[in-house]
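Read through the structure below, which is laid out as structure tokens, and then see the notes.
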């Protein structure tokens, strides 16, 4: 149901107060530019025609070093992916092969028309889940595996495939016409791919002078599209600003004879440094509160770092310090066995520099390259080092520092570790996930974050996995921790407060506690205490306290403890005052025990286990978003969603314990 006009007005006033007038004013300026026709006038002028060719910008690695980094299986996988691309297939967001579609079978209009008339845009992606599936092939991320395969194999068919597909795109999508010119971020990422491909395929007979000139003109047209709407990226102050700044800086270096080159370089450099310095907080977390966007930010920084290194230049000190913090935060989030990370926050599948054969979920290619670039760390070697080589980073420096284990504030057991989400918010949160616990054991993600799945699909899949209700935390009366004001906007931000605790118990390895007041309006405070005991025993205590100063709000509330677990064989048992769930993992049996204090409350609890939106234990219907996990954009697979609902009018505790076999 659509909110009423008074409700929309109330949310707009609240957004103005909580987000501040600056971002909203910039966004209003962008919307005015659209509706007034200003952007249409700016971007419909004929582009100057010049015979620009792209300057080589990146240091290409010694191919023998790359081959040593890859085993035969990895090299075969790379060539197989390149063969798929040459045959017209592409792996979107790290998923299965899909058609590589770059042209449309309908008349194109100026990009501003689609911004003003979303229904017209929807006609273009009627056969796919949302517009991101339309845009992703046109980012030209597939040019990177194609180029790597070309240099490593010498097969001309890969160069020919790039030029054939590039010309198909350029023929079908003239400058500023059609959906592929709507987002300046998409334009910037495509520009980067063009510059890289122009250098990698330069020696091929397929790279004729006419083709190289056309690619140079395309880069110029892409760069010219970005500045008019930079105000939108500034309003967002997120990955859009960084991507567009990197695109401008890259174009300014790649086309030094272009009359706008100096302006592009200066504009890109200004907003890139300002963005990195303001978007990375004092702990190193990126402003979008997302593991994948953190990785995206580091990829953009690594690209520019490679450009700077080749020119003998460096970053300003404040930017380099911010990037160093970001690397530490990222390394602290990595599972040391699998290289994966908790699927924290929004995950749109973005991976602009696929310079590794490692799977999408493996964060080591980016994290290790960034650790070398910005901290001069020496890290364990593996196939993930291919990315560092393509970016011109030495794998072994005599002055490099050894990092014996990943840093970070995570709780660790013998073969297990966990991340307790607790953050003081200074920028917009992407998920309502305070006090979410992500638990890992021997490379397996045991207590999971559901991820994202889709942003723009019809309900219930319109970014619904951002909800508190699918995270591993406690909700009250079925409410979110924060006010959902839009598909991508939460208001009434809920801060969490984290501290480590000392224990005299010799069996206690670590203990941490976090609390938030997201449900203060209901008179409730949530405190979560996590204890790691010897033998990989994890105890989680969730205290739901009725605040003494708000007694007038005290009445029975529905408290819901939720755990999202892998889709493993399961069995539920009723113990004495406990609920026991046994899971058969690939490494042995995992036991989850849930109880309450006082214990009689568990006997009155509503317990349900849901898999893929279907109830497999308990009564009642399940919300369709329960029991799913999405490791990358557009893909979801079943998981087990355990919910325990207790109604209480007095302070009580949920008690959860995870036990792993020795």
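The values are calculated or read from the model by the stated rules, or taken from the named source; none is laboratory data. Quick caveat, the model's predicted, so the values are computed rather than measured. A quick note on method: Cβ atoms are made from the backbone with ideal geometry, for glycine too, and the neighbour counts reach across all protein chains shown.
Summary table below
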read-out	value
Test: residue in segment 543-556 that is in the same structural domain as residue 483 (by TED's automatic domain parsing), closer than 20 Å to residue 432 by Cα and within 29 Å of the chain's Cα centre (by Cα)	no
Per-region count, segment 158-168, residues surrounded by fewer than 17 Cβ atoms within 10 Å (Cβ to Cβ) and in contact (Cβ under 8 Å) with a residue 24 or more places away in the chain	2
Strands (runs of 3 or more DSSP E) enclosed by segment 618-662 - at least 3 residues per element that are under 30 Å from residue 535 (Cβ atoms)	640-648, 652-659
Residue, surrounded by the most Cβ atoms within 10 Å (Cβ to Cβ), within segment 360-382, restricted to residues that are under 21 Å from residue 142 (Cα atoms) and either touching a strand residue (DSSP E or B) at 6+ places or on another chain (Cβ under 8 Å) or modelled with pLDDT under 95 (or both)	360
Scope segment 610-645; condition farther than 21 Å from residue 452 by Cα and buried (at least 23 other Cβ atoms within 10 Å of the Cβ); matching residues	644
Scope segment 574-601; condition more than 28 Å from residue 443 (Cβ to Cβ) and in a strand (DSSP E or B); matching residues	574, 575, 578, 595, 596, 597
Where residue 44 falls short, out of the listed (1) farther than 18 Å from residue 182 by Cβ; (2) at pLDDT below 95; (3) not in a helix (DSSP H, G or I)	(1)
Scan of segment 103-124 for residues that are part of a loop (DSSP other than H, G, I, E, B) and either buried (at least 20 other Cβ atoms within 10 Å of the Cβ) or touching a strand residue (DSSP E or B) at 6+ places or on another chain (Cβ under 8 Å) (or both), ordered by number	108, 109
Top-ranked residue in segment 171-195 [being out of contact with any helix residue (DSSP H, G or I) (no Cβ under 6 Å at 6 or more places or on another chain) and assigned to a helix (DSSP H, G or I); ranked as surrounded by the fewest Cβ atoms within 10 Å (Cβ to Cβ)]	171
Answer residue from segment 13-26, given it is under 16 Å from residue 287 (Cβ atoms) and assigned to a helix (DSSP H, G or I) and is modelled with the highest pLDDT among those	26
Residue among 312, 268 that alone is buried (at least 21 other Cβ atoms within 10 Å of the Cβ), more than 20 Å from the chain's Cα centre (by Cα) and either more than 22 Å from residue 426 (Cβ to Cβ) or in the same structural domain as residue 436 (by TED's automatic domain parsing) (or both)	268
Odd one out for residue 292 among (1) buried (at least 24 other Cβ atoms within 10 Å of the Cβ); (2) more than 18 Å from residue 423 (Cβ to Cβ)	(2)
Hey, residue 198 crowded, with 21+ Cβ neighbours inside 10 Å and free of Cβ contacts under 8 Å to residues at least 40 places away in the same chain or not	no
Matching entry among 571, 539 (being touching a strand residue (DSSP E or B) at 6+ places or on another chain (Cβ under 6 Å), in a strand (DSSP E or B), assigned by TED's automatic domain parsing to the domain that holds residue 643 and loosely packed, with under 13 Cβ neighbours inside 10 Å)	571
Options 500, 468: the member that is in contact with a strand residue (DSSP E or B) (Cβ under 9 Å, 6 or more places away or on another chain) and surrounded by fewer than 17 Cβ atoms within 10 Å (Cβ to Cβ)	500
